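One structure is given here, and the rest of the page talks about it.
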Amino acid sequence: MKGMELNCLKLKRVIGVNQAFRVYPWVDVTYFGDCQFRELAPSIDQWPGIKVTSCGRVPELGKGWRGIRRVGRSKNYGIETKKVGFVSWNGNSGASAINIAYWFGARRVVLLGFDMHPDNDRHNFHDFYPARAKTFDPYKNHMRCWPYIARDAAEVGLEIINATPDSAIKDFPFMKLEKLI
């Protein structure tokens, strides 16, 4: 998403993943699945949008998690369509956020920021995470889920379009964001 003009999204329904709400406060929903986000509590508590997590330890995190909605986590890859209140984890928050969109009734999902490769040794578009070793490579695991998500999306009529330039995900058609908006 680096270098992309995203203000056009203010009029759309947007699910921000992990710490995106701190960069784009106008997102409608923030979702995270990783339980290490204890440091988010003060900022997410003040954020006015819908807050959702599949982290099973959020009720234990205590102060600072007002209004957060917890969903269950299925271990299978793809899109959980049968167990209401559950999402398929898919090994990463971004991929499981597609399941959140499905449960919110989306008929089309546009992927932004799903490059699935480092950018000059950076693994995230922001600086909120600590630096990682140069050998750190989460993408091999992150890439496993996409064929399953594509299969399930086709079965339930969920259109997924990848608008992330230079994305390693090839399971969905690519379209420039400007054309979609």
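What follows is calculated from the coordinates using simple rules that are stated; it is not laboratory data. As the structure is a prediction and not an experimental result, all values here were calculated from the model. Note that each Cβ is placed from the backbone with ideal geometry, even for glycine, and that neighbours are counted across all protein chains shown.
General observations
- Distance between the pseudo-spin-label points of residue 46 and residue 141 (7 Å out from Cα toward the beta carbon): 3.2 nm.
- Built amide H within the under 5 Å cut-off of residue 160, gap 5+: 109
- Peptides 19-30, 149-160, 93-104, ordered by how many other C-beta atoms sit within 10 Å of their residues on average, highest first, read 93-104, 19-30, 149-160.
- For residue 72, distant residues with modelled amide H under 5 Å away: 86, 87
- Above-threshold pairs, the threshold being 24 Å between Cα atoms, out of 12/51; 83/176; 75/140: 83/176
- Fewest-first ranking of 143, 175, using other Cβ atoms within 10 Å as the exposure measure: 175, 143
- Stretched out straight at 0.36 nm per residue, the stretch from residue 23 to residue 170 would grow longer than its current Cα-Cα span by 50.2 nm.
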